[in-house]
Amino acid sequence: MDGSAARRRRIINVLILDQTGSGLDFALRCNAAGHYSRLCIAYDKHTHQRVKIGDGLVEKIEREEWNKHMKWADLVLTTDNVKWLRELDVYRKRGFPIFAPSYESAQLELDRDRGQRFLRANGVSTIPYEMFSDYAKAKKYVLAYNDRLVSKPNGDKDKALSYVSKSPKDMLFMMDYWQQRNKEVGRFMLQEFVPGVEFAVNGWLGPKGFSRFIGESFEHKPLFNGDIGPNTGEQGTAIKYVEDSALAKEILLPLEGALIKLGHTGSVDVSCIVDENGTPRPLEFTSRLGWPAFNIVQPLHPDPCEWMVHLLDGEDSFQPRLDHAIGVVCTIFPWPNEKLLAKDVSGIPVFNLNEENPYRHFLSPCELMQGEAPNDDLQPEKCMVSAEAYLVVATGLGDSVREAQKEAYKAVESIEVPKDLQYRTDIGDKTKRAIPELQSHGFAADWVY
């Protein structure tokens with residue numbers, strides 16, 4: 001007990017390998033907790049130029065020199081699963097503290113067919129689907145099936161290629177639409193549509209198994225209120241840690257041994273549809289940190305990184321708060337337009353994102369850097385400014401979803417941006433119907449709307 005407690009007071013050197021420009025908030029929180037972070041961000045996928053996120057706020061290292069810092073690090077964390085993984089697998093075998101997917105476990109998300117086969121091999125039934133690599137064959141399948149289908153791209157593709165049809169005719173139209181506009185096809189999945197409640201389960205995995213605390217969540221992927229508009233990946237989430245998750249017992253925990261064999265460490269998430277009969281049907285893996293989920297859970301974590309080191313060492317010291325958490329993504333134009341995201345929107349201040357703001361702990365800086373803007377005395381002052389368009393994730397905590405919602409939107413309102421701030425105002429609303437429906441089937445037992 002005494003030795004373990006002493007180890008928990010250790011200062012951690014954290015190396016963050018950031019393919020997506022998502023790791024700033026975690027770096028800042030590690031530093032604020034007395035640890036040391038170094039952030040390595042890959043070049044921008046749109047401009048292929050150096051990324052300005054984090055400039056002046058945290059220590060950054062050049063992307064070509066990340067491996068020179070491996071011996072310094074007590075913890076190596078990646079923000080995504082499409083870069084550095086083969087190299088990190090070599091370091092993992094040499095005993096380095098890697099909190100990240102392995103190359104093989106990343107394929108469970110990037111190759112949807114492999115992910116579905118992995119589920120079935122470990123006793124988890126899946127929704128029927130077919131894989132395609134050209135639109136002509138896919139259109140024939142749509143015509144023959146003649147019912148609702150869901151299209152999902154393989155790999156790290158444009159989220160706009162994800163589509164939930166309302167009927168066979170609109171899926172057929174979308175196939176023609178993508179084909180005519182030369183959307184890169186690659187491989188993609190057509191999966192049967194299953195009505196029900198979407199509910200996800202997440203666990204933190206170490207070499208000896210999952211932490212006892214499981215995350216459950218309701219995602220809000222479309223851009224606009226009411227879950228309408230383009231799929232952005234995620235505009236906000238309702239999250240709660242629980243110790244006893246019925247969904248995890250059916251979907252996640254049966255995968256534990258196989259995931260360990262693949263070398264996976266860190267976050268693994270499976271989103272599901274709980275159908276009208278109460279059967280959870282897995283949809284897809286997220287075998288990496290989820291965004292904005294990882295930002296949203298930070299206020300629930302007593303320390304940002306010590307527990308990760310312990311989990312890699314085989315000790316589960318993770319003890320999060322069990323509040324409901326609501327997270328709201330705050331952006332500016334041109335988010336989420338992929339074609340326009342290369343446009344320079346840097347230098348726009350986010351006022352009140354400082355320690356004087358009582359909601360600062362609940363605001364996660366995302367695509368920001370240090371800049372300058374007028375203060376209340378109209379004098380130039382250093383502050384956080386935009387580097388790109390995805391600015392802040394605001395989180396609220398509470399004993400119920402409603403309480404957490406109120407706090408989340410207070411956090412949003414505590415900042416000011418001299419440009420139209422974009423965010424949904426209904427994050428969490430759909431849980432009012434979803435929670436009792438799930439509870440009637442034995443799921444989401446600890447949730448309160």
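Residues that are of a type in the set (A, V, I, L, M, F, W, C) and farther than 23 Å from LEU24 by Cα within the range 54-107 comprise just one, VAL90.
Residues are listed down the side, and each one gets a yes or a no for (1) under 19 Å from the mean Cα position of the chain (by Cα); (2) over 30 Å from ALA138 (Cα atoms); (3) open to solvent by less than 10 Å² (accessible area, probe 1.4 Å); (4) without any contact (Cβ under 8 Å) to a residue 40 or more places away in the chain:
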{"residue": "PRO168", "(1), (2), (3), (4)": "no, no, no, yes"}
{"residue": "TYR177", "(1), (2), (3), (4)": "no, no, no, yes"}
{"residue": "LEU205", "(1), (2), (3), (4)": "yes, yes, yes, no"}
{"residue": "PHE210", "(1), (2), (3), (4)": "yes, yes, no, no"}
{"residue": "GLY215", "(1), (2), (3), (4)": "yes, yes, yes, no"}
{"residue": "PRO222", "(1), (2), (3), (4)": "yes, no, no, yes"}
{"residue": "GLY229", "(1), (2), (3), (4)": "no, no, no, yes"}
{"residue": "ASP244", "(1), (2), (3), (4)": "no, yes, no, no"}
{"residue": "LYS261", "(1), (2), (3), (4)": "no, yes, no, yes"}
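Counted as qualifying within the range 71-162 are the strands (runs of 3 or more DSSP E) with 3 or more residues that are open to solvent by 30 Å² or more (accessible area, probe 1.4 Å), namely 129-132. Against the list (1) part of a helix (DSSP H, G or I); (2) farther than 30 Å from LYS261 by Cβ; (3) in contact (Cβ under 8 Å) with a residue 60 or more places away in the chain; (4) open to solvent by 40 Å² or more (accessible area, probe 1.4 Å), the condition THR47 fails is (1). Does the range 376-384 contain any residue that is farther than 26 Å from CYS30 by Cβ, among the hydrophobic types (A, V, I, L, M, F, W, C) and not in a strand (DSSP E or B)? Checked the range 376-384: at least one residue is farther than 26 Å from CYS30 by Cβ, among the hydrophobic types (A, V, I, L, M, F, W, C) and not in a strand (DSSP E or B). Look at (1) out of contact with any Lys or Arg (no Cβ under 6 Å at 6 or more places or on another chain); (2) at pLDDT 95 or above and you find that VAL194 fails only one, number (1). Just one of (1) in contact with a Pro (Cβ under 7 Å, 6 or more places away or on another chain); (2) farther than 21 Å from PRO336 by Cα fails for SER133. It is (1). The set of residues in the range 315-346 being basic (Lys, Arg) and farther than 20 Å from CYS305 by Cβ consists of LYS339, LYS343. Check whether at least one residue in the range 319-328 is open to solvent by 20 Å² or more (accessible area, probe 1.4 Å) and not in a loop (DSSP other than H, G, I, E, B), and report yes or no. Within the range 319-328, not a single residue is open to solvent by 20 Å² or more (accessible area, probe 1.4 Å) and not in a loop (DSSP other than H, G, I, E, B). Here ILE61, ILE41 are screened, and the one residue that is under 22 Å from ALA342 (Cα atoms) and open to solvent by less than 80 Å² (accessible area, probe 1.4 Å) is ILE41. When the range 60-92 is filtered for residues that are of a type in the set (Asp, Glu) and out of contact with any helix residue (DSSP H, G or I) (no Cβ under 8 Å at 6 or more places or on another chain), the ones remaining, listed by number, are GLU62, GLU64, GLU65, ASP80.
Answer yes if at least one residue in the range 287-306 is part of a strand (DSSP E or B), at pLDDT 95 or above and open to solvent by 10 Å² or more (accessible area, probe 1.4 Å), and no otherwise. Checking the range 287-306: not a single residue is part of a strand (DSSP E or B), at pLDDT 95 or above and open to solvent by 10 Å² or more (accessible area, probe 1.4 Å). For the range 226-242, residues that are touching a Ser or Thr at 6+ places or on another chain (Cβ under 6 Å) and modelled with pLDDT of 95 or more total 3. From the list ALA411, ALA342, which one is of a type in the set (A, V, I, L, M) and out of contact with any strand residue (DSSP E or B) (no Cβ under 8 Å at 6 or more places or on another chain)? Exactly one of ALA411, ALA342 is of a type in the set (A, V, I, L, M) and out of contact with any strand residue (DSSP E or B) (no Cβ under 8 Å at 6 or more places or on another chain), namely ALA342. Inclusion of TYR390 among residues that are surrounded by fewer than 19 Cβ atoms within 10 Å (Cβ to Cβ), closer than 22 Å to PRO336 by Cβ and within 23 Å of the chain's Cα centre (by Cα) is not warranted. In the range 411-442, what residues are closer than 30 Å to ASN352 by Cα and not in a loop (DSSP other than H, G, I, E, B)? Result: ALA411, VAL412, GLU413, GLU416, GLN422.
The values are calculated or read from the model by the stated rules, or taken from the named source; none is laboratory data. These numbers were taken from a predicted model, which means no experiment stands behind them. In this analysis, Cβ positions are derived from the backbone assuming ideal geometry, glycine residues included, and neighbour counts consider all displayed protein chains. For the accessible areas, the whole protein counts, side chains as well, though only heavy atoms, and no ligand, DNA or RNA atoms are used. Shrake-Rupley method; radii C 1.70, N 1.55, O 1.52, S 1.80 Å.
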